[in-house]
Amino acid sequence: MDSFGNFERSPPVSEGDIRTVTIEAVGTKGDGIARIDGYVIFVPNVEMNDEVTVRIVRVLRKYGFAEVVE
């Protein structure tokens, strides 16, 4: 609990999480964007509408960076 007696919620995305995501958009260099619970996740070397399993490697505020898990 925090100092106000509220229970602290863990963030929906944490470094090391493994998730399955669907790529919603892809940039010109092949980097894709997916969303998890309000977070924008950047995934390298994917194609539009791919469903991939990723490992979150970095989280900054509402953005995350991931790598594809083979």
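Has the stretch 52-59 got any residue that is modelled with pLDDT of 95 or more, part of a loop (DSSP other than H, G, I, E, B) and surrounded by 11 or more Cβ atoms within 10 Å (Cβ to Cβ)?
No - not one qualifying residue is present in the stretch 52-59.
Could you list, in sequence order, all residues of the stretch 23-50 that are acidic (Asp, Glu), modelled with pLDDT under 95 and either within 14 Å of the chain's Cα centre (by Cα) or surrounded by 12 or more Cβ atoms within 10 Å (Cβ to Cβ) (or both)?
If the condition is that a residue be acidic (Asp, Glu), modelled with pLDDT under 95 and either within 14 Å of the chain's Cα centre (by Cα) or surrounded by 12 or more Cβ atoms within 10 Å (Cβ to Cβ) (or both), then 31, 37, 50 are the ones that fit.
The values are calculated or read from the model by the stated rules, or taken from the named source; none is laboratory data. Bear in mind that the values here come from a model prediction, so they are computed numbers and not experimental data. Neighbour counts are summed over all protein chains in view; Cβ atoms, including those assigned to glycine, are modelled from backbone coordinates with ideal geometry.
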